[in-house]
There are 2 protein chains.
Amino acid sequence: MKSDLTQRQQEVLSFIIRHQQTNGAPPSQREVALEFGFRSTTAVADHLRALRRKGYLDHRPHQARSLRVLSRTDSTELSPTRPMIVDIPVFGCIPAGFADERRQDASEGCISVDVETLGVKPTARTFALEVRGDSMIGRHIMEGDYAVLEHGMDPRPGDVVAALIDNESTLKTFVKQGGKPCLKAENPKYPNLIPAQELVIQGVMVALIRKYR
Amino acid sequence: MKSDLTQRQQEVLSFIIRHQQTNGAPPSQREVALEFGFRSTTAVADHLRALRRKGYLDHRPHQARSLRVLSRTDSTELSPTRPMIVDIPVFGCIPAGFADERRQDASEGCISVDVETLGVKPTARTFALEVRGDSMIGRHIMEGDYAVLEHGMDPRPGDVVAALIDNESTLKTFVKQGGKPCLKAENPKYPNLIPAQELVIQGVMVALIRKYR
DNA sequence: TTTCATACTGTTTTTTTGAACAGTATGAAA
DNA sequence: TTTCATACTGTTCAAAAAAACAGTATGAAA
């Protein structure tokens with residue numbers, strides 16, 4: 001991995017990433033020099049230039065501590081790691097008029113996840129829902145779990161979706177029965193199979209987070 | 001929430017957090033001034049001083065872009081948000097000689113989670129394990145899930161733990177049977193009840209992350 | 001052998017940035 | 001009424017930091 005970088009360049013890049021994670025901000029050139037014992041910041045500038053040329057770094061000229069580590073999504077394309085961490089609002093239950101008032105007053109707090117952790121990049125339409133009841137126990141989704149959902153996504157058969165039933169959101173499995181989209185509960189205690197056209201699908205489940213202890 | 005802050009102070013704090021998340025580094029005083037249309041950086045400095053005094057911010061004097069947002073753990077104590085995001089190494093399976101060589105070459109990648117998301121603060125002893133098999137299906141832990149574990153934690157009865165059996169780690173439930181610690185599988189297909197003294201407990205499960213799609 | 005990227009030292013210049021100083025205006029509490 | 005925190009303007013100053021020279025040394029490729 002990262003075979004196109006020299007030993008030294010990799011060390012510098014690692015330090016920058018490490019510094020960012022432990023200090024909340026990228027290091028200055030002098031701090032890098034100090035770390036490696038360079039007596040001149042020019043050495044650092046050289047390495048940064050190489051890292052920039054090779055596509056691992058970005059920075060804004062003449063701006064203090066403006067280093068940004070880029071991550072490779074595939075071999076060619078590069079994208080900044082900027083929104084590394086996204087705050088996903090957690091709702092106890094989703095109110096009826098949802099689409100407009102996303103974000104803001106996520107009274108239950110936020111889950112912060114980085115883009116890498118979830119396969120899907122969280123967008124402004126991503127939200128989390130604390131699971132209530134055991135309607136999805138058949139899919140091993142328990143009460144108290146946090147369901148991470150994406151609003152406005154096209155559900156595919158088998159996907160878990162959040163639907164608004166009786167002004168409360170419930171998780172169901174999205175299926176197709178004879179060509180018609182339906183919602184299936186994963187617990188015999190709950191009514192099965194509800195035609196999906198008649199209700200609002202609020203989001204498709206993309207991840208689950210469960211806390212122990 | 002945050003009723004001890006004025007409207008303006010809250011706005012400034014929000015901008016700093018937002019800037020940090022979208023740009024990877026906190027803003028300079030001038031950037032804050034620009035955002036709010038202040039014609040003097042003194043206004044910003046005033047707000048920062050107030051936020052610092054009230055315990056919401058920290059910074060290193062005379063250092064560019066050194067603002068750090070603090071989070072309240074309880075009403076009195078303050079702790080820096082520095083290691084907001086911690087990289088938890090993911091192992092496919094944990095090798096026998098574990099304790100020493102934590103971190104490094106987490107070949108399967110990393111899960112980044114913030115301190116708030118998991119109730120437990122991730123330490124250097126926190127690691128993740130991709131769940132193989134269905135030995136814990138009774139606790140609704142599925143194949144492919146990521147179990148987040150804490151090494152060196154004292155297991156309590158009922159906790160899910162990772163144990164090294166036949167040089168491979170397996171998840172089990174930690175129980176006490178007649179005063180003796182035992183490990184219980186949560187699937188009838190697997191051998192039940194193994195005395196816990198005879199094997200290495202590698203970690204106690206603190207969270208679970210599951211990805212869909 | 002020449003060229004070229006890497007990996008540095010040492011010095012100087014220019015920007016950026018935080019901080020200090022001197023004020024003004026407002027509204028709430030004492 | 002005085003005091004005090006908030007919320008600013010406008011200016012100046014000094015430290016921090018990036019950038020720009022001008023070099024040296026090394027090893028690999030052409």
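Which condition number does A:A50 fail, the rest of (1) modelled with pLDDT of 90 or more; (2) assigned to a helix (DSSP H, G or I); (3) under 22 Å from B:R65 (Cβ atoms) being met?
Unmet condition: (3).
Those residues that are in a loop (DSSP other than H, G, I, E, B) and open to solvent by less than 60 Å² (accessible area, probe 1.4 Å), I need them from segment A:13-46; list them, please. If you could, list the steps in order and put the result at the bottom.
If we filter segment A:13-46 for residues that are in a loop (DSSP other than H, G, I, E, B), which is where we start, we get A:24-28, A:37-40.
Matches in segment A:13-46: A:G24, A:A25, A:P26, A:P27, A:S28, A:G37, A:F38, A:S40.
Would you please list the contacts, defined by Cβ atoms under 6 Å and residues six or more apart or on different chains, that run from a residue in segment B:42-58 that is assigned by TED's automatic domain parsing to the domain that holds B:E31 to a residue that is among the polar types (S, T, N, Q)?
Partner pairs satisfying both residue conditions: B:V44/B:Q29; B:H47/B:Q9; B:A50/B:Q9; B:L51/B:Q9.
Answer with yes or no whether B:A64 is open to solvent by 30 Å² or more (accessible area, probe 1.4 Å), of a type in the set (A, V, I, L, M), without any contact (Cβ under 8 Å) to a residue 60 or more places away in the chain and near DNA strand C (Cβ under 7 Å from one of its atoms). Walk me through it before giving the result.
On the way: open to solvent by 30 Å² or more (accessible area, probe 1.4 Å): yes; of a type in the set (A, V, I, L, M): yes; without any contact (Cβ under 8 Å) to a residue 60 or more places away in the chain: yes; near DNA strand C (Cβ under 7 Å from one of its atoms): yes.
It is true that B:A64 is open to solvent by 30 Å² or more (accessible area, probe 1.4 Å), of a type in the set (A, V, I, L, M), without any contact (Cβ under 8 Å) to a residue 60 or more places away in the chain and near DNA strand C (Cβ under 7 Å from one of its atoms).
Could you list all residues from segment A:13-58 that are β-branched (V, I, T) and under 19 Å from B:A25 (Cβ atoms)?
Just the residues of segment A:13-58 that are β-branched (V, I, T), to begin with: A:16-17, A:22, A:32, A:41-42, A:44.
Residues satisfying the conditions are A:I16, A:I17, A:T22, A:V32, A:T41, A:V44.
Would you kindly identify the strands (runs of 3 or more DSSP E) lying entirely within segment B:109-213 that contain at least 2 residues that are under 27 Å from A:E143 (Cβ atoms), modelled with pLDDT of 75 or more and within 12 Å of chain A (Cβ to nearest Cβ)? Steps first, please.
Numbers: elements: B:110-114, B:126-130, B:146-150, B:160-165, B:168-177, B:180-184, B:200-211.
Counting at least 2 such residues, we get B:146-150, B:160-165, B:168-177, B:200-211.
Out of curiosity, is A:G37 away from DNA strand D (no atom under 13 Å from the Cβ) and without any contact (Cβ under 8 Å) to a residue 12 or more places away in the chain? Give the steps one after another, and end with the answer.
Numbers: away from DNA strand D (no atom under 13 Å from the Cβ): yes; without any contact (Cβ under 8 Å) to a residue 12 or more places away in the chain: yes.
Yes; evaluated as a whole, the condition is true for this residue.
Considering only residues of segment A:2-12 that are over 22 Å from B:G24 (Cβ atoms) and not in a helix (DSSP H, G or I), which is nearest to DNA strand D (Cβ to nearest atom)?
Within segment A:2-12, the first condition is being over 22 Å from B:G24 (Cβ atoms), and the residues that meet it are A:3-4, A:6-8.
From the residues that got through so far, the ones that are not in a helix (DSSP H, G or I) too are A:3-4, A:6.
Numbers: A:S3: 13, A:D4: 13, A:T6: 11 Å.
Of everything passing the filter in segment A:2-12, A:T6 is nearest to DNA strand D (Cβ to nearest atom).
The values are calculated or read from the model by the stated rules, or taken from the named source; none is laboratory data. Quick caveat, the model's predicted, so the values are computed rather than measured. Heads up, the Cβs are rebuilt from the backbone with ideal geometry, glycines too, and the neighbour counts pull from every protein chain shown. The area values use the complete protein model at the heavy-atom level, side chains included, leaving out ligands, DNA and RNA. Shrake-Rupley method; radii C 1.70, N 1.55, O 1.52, S 1.80 Å.
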